[in-house]
1. So, for the range 336-446, what is the accessible surface per residue at a probe of 1.4 Å, expressed in square angstrom?
2. Roll a 1.4 angstrom probe over the protein heavy atoms and tell me the percent of accessible area of the range 214-327 that is carbon or sulfur.
3. Can you work out the Karplus-derived ³J(HN,Hα) for every residue in the range 221-230? Use 6.51 cos²θ - 1.76 cosθ + 1.60 with θ = phi - 60°, whole Hz, and x for glycine or proline.
4. In terms of Cα to Cα distance under 13 Å, which aspartates and glutamates are near enough to LYS409, apart from those fewer than 8 places away along the same chain?
5. How big is the dipole moment of the range 455-558 about its Cα centre under a simple scheme where the beta carbon of each Lys and Arg is +1, that of each Asp and Glu is -1, and everything else is neutral? Debye, nearest 20, please.
6. For a 20 Å ceiling on Cα separation, which of these pairs sit above it: LYS377/LYS439; LYS384/LYS439; LYS100/LYS138; LYS275/LYS500?
7. For the range 336-446, take every pair of Cα atoms, bin their distances at 10 Å starting from 0, and report each bin as a whole percent.
8. Take the alpha-carbon centre of the range 352-373, take the same for the range 433-489, and report the distance between them in whole Å.
Amino acid sequence: MCPLLRSECRNDRPRVYLAMRLLSLSAALAVLIGSSAELRRVSAAENSGRQPSGAAPAGKRISLTRRVEPSFRVEPVVHRFRGRRGEVIPFSFEIASTGKVMNVDIRAVSLRQEETGIILHDENSRPMGGVRFTSPKKFQLRPGEKFQIEGEVTVPLNKTNYVSFGILVRDGGQISDGSKEPLEAGKTRAAIRFVTQYVLRVDIETGAQDVGDMNRLHFDRGELISREGLPYVRAYLNNPTDDALECDVRAQLTGSDASAWSPVRLNMPSRSELKDDSRYLVRIMPRSRLRLEGPVDGVIPRGDYELNLRLSNGRRAMVQAAFPTRVNSNSFRGLSALVATLDEGVTVEPSQIELGRVADADRMTTLLFSNRGQEPKSVRLIAKDQAGEPLDGVMLSSKSFVLKPGRSKTVRAMLRGRSEAAHEWGTLEVACEESESTKQLPLALIHEQRPEIQLTAEEMQWAQLPTGNAFTMKIQNEGEGYAPLFAQLNLAAQQGHPIKMSDGFGAWLTPGESRELQFMVPASLQPGAYQIKLDVRSANETVVAQRTLMLEITPEMLGVAAEQVATRP
């Protein structure tokens, strides 16, 4: 291992990158692009006082003040109707000025879809026919005025269960005459005006059951991924047709021993924040490719599996695909903070137990034991203190039981009696008699107050581990109680999206114990200059370590020859 540069290292050539992204409003997301900005050129003396005599001239500075001023608002953003093929459906949107004179232009546009499911307008493609405006397509809107955008859409005769029409509303903008206020000597004023535009949609659900082209949809990839240490299904769905389609997608994992996990409903990332079942509605636009994702519940033991994907229209399966996948012992490290694995197929959750009398703790908790194996298991439970002696302050509703194959059992753990100590820590020993295996689950008892978090961090290092290259940092618990760890490392090059890596995942660190955090970098990482941001925290957002530094990652650090780097995709 080689120590990295410390976070207080200097950057002799600081750079500032400014980026602006102009987005259209799509679906339920409205991004208003309408702002004005004023530039003021002032002297160094105006910014920071007079220069001392003999000092080198500081030059001039530009102060930028920016305020967002949307030109207009439109409601609603999306109309949703039910209609039959060939039916003519009227629509109406209300546009309201927010205080400016606007020259508004309205037209039908084609729609395109990003991989996340977000729908945007496509000015380079011919819009779908069937939109007719009954109100003017060009008009002037004065301050405080409202206007009804009206028209009608004709549902096409295509065999599809979903149709979406796009309408672009754009303010052409005006050239500003500038402020009438007198300009002070030595100052420069500039005005910037951005165009405001909305992409409106009229969505039609046809309710058609005979969807001829839906069986042409196909999955080109399916895999298990780790997100914050937990298992997720990720699948990619392609629509090669000229029709938008609505469907439901589910995934199921099966093991080589024919064991099967519960089906997972997949959703588009753009709908992941929705709380009801509408989040699982998959709508794919023509000639589009979608990324679909969903979490897998429970522990996945290492081994070979088959990931089965099923696309359906109502209850009818239209497309199916299967992808082989492999799970190793290091695939989903975050699971250990939630579920403990005892013998083959025997799990218990939660894997970390806290009982207490303070306001933010519970005196009783419920443990769930499950047996996914093929044989019955005899389980025995013993609560122990930090010295390994029986702990009298914890009462268990059951201390020994037989867990049949495919069955689960709940056990209640309760804090009882009084203790002179403010807090205690120990373990709940879970033993399986058939295999003579045991598991020590962390057990924290909070009687009067929580122990103080006392975690120390060593410097960050780069390590070439057997499982790959990684940034590492060792954390030591010098306190008198368990302490959870949450760690995030962002690795950013000068171009592209930053790489986000996690560790800790809330797993408790035992008093006196040390743990090495490992942030595994992708095998495809290219040599070059990177900015590293590390943030390690414990309970109640207690900061354990924070680092920000620049690092040149060389081919030697990656363990590859220069000619191999040049041929990487």
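The values are calculated or read from the model by the stated rules, or taken from the named source; none is laboratory data. What you see is a predicted model; the values in this text were computed from it and never measured. Backbone-built Cβ (ideal geometry, glycine too); neighbour counts: all protein chains shown. To get the accessible areas, we keep the full protein, side chains included, count just its heavy atoms, and leave off ligands, DNA and RNA. Shrake-Rupley method; radii C 1.70, N 1.55, O 1.52, S 1.80 Å.
1. Heavy-atom SASA per residue in the range 336-446 reads 53 Å².
2. 42 percent
3. Running phi through 6.51 cos²θ - 1.76 cosθ + 1.60 with θ = phi - 60° gives 6, x, 7, 9, 10, 9, 10, 6, x, 10 Hz.
4. GLU349
5. In debye, rounded to 20, the range 455-558 gives about 300.
6. Beyond 20 Å: LYS275/LYS500.
7. The distribution over the range 336-446 is 14, 49, 28, 8, 1, given as percents.
8. 20 Å
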